[in-house]
1. Amide H neighbours of Val132 under 5 Å, at least 5 residues apart or on other chains, H built in the peptide plane: list them.
2. What number does region 58-107 give for Rg over Rh if you use C-alpha atoms and the Kirkwood radius?
Amino acid sequence: MKQLKTMLAVLLGLCLLAGCGMEKTSQEKQADLEYTLVAGEDIPQELLTQIEDAKEEEMKLTYSDGGCFYLVKGYGEQPAGSSIQVLELYQTKDGIVFDTQLLGGGETKVEDTTSAYPYIVVKLLCDEQNVVFQ
């Protein structure tokens, strides 16, 4: 009886392991995507609320309003004057790759304790898709 229980446990474990796997995604560029940088006053209110809730930490958000697809990348608390640059935004067979870079606020003085929460919002005219943030 004990051998039967052990054998069943081993078989169950093998079945569970057989169901696990990793999906390999391709980041091979198929086409560059056209996008628009979205100014603060043009960000949909629901998305702006999500940004405000998450801005203190690094964030990667997507949002769709039916006709447009928005990508948001934020870097959390940074020195004042920091900004974000889009390095690449392109389509792959598996989705979209959104690569950004934080540009520092320059030399900060010891007495300068101001900080900011830089983020960038881009708008695409396409359907919601998988996104890889880099």
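1. Counting only residues 5 or more places away or on other chains, the set is Ile96, Val97, Phe98.
2. 1.05
Each value in this text was obtained by applying a stated rule to the coordinates, not by laboratory testing. Since the model is a prediction, treat every value here as computed from it, not as a measurement.
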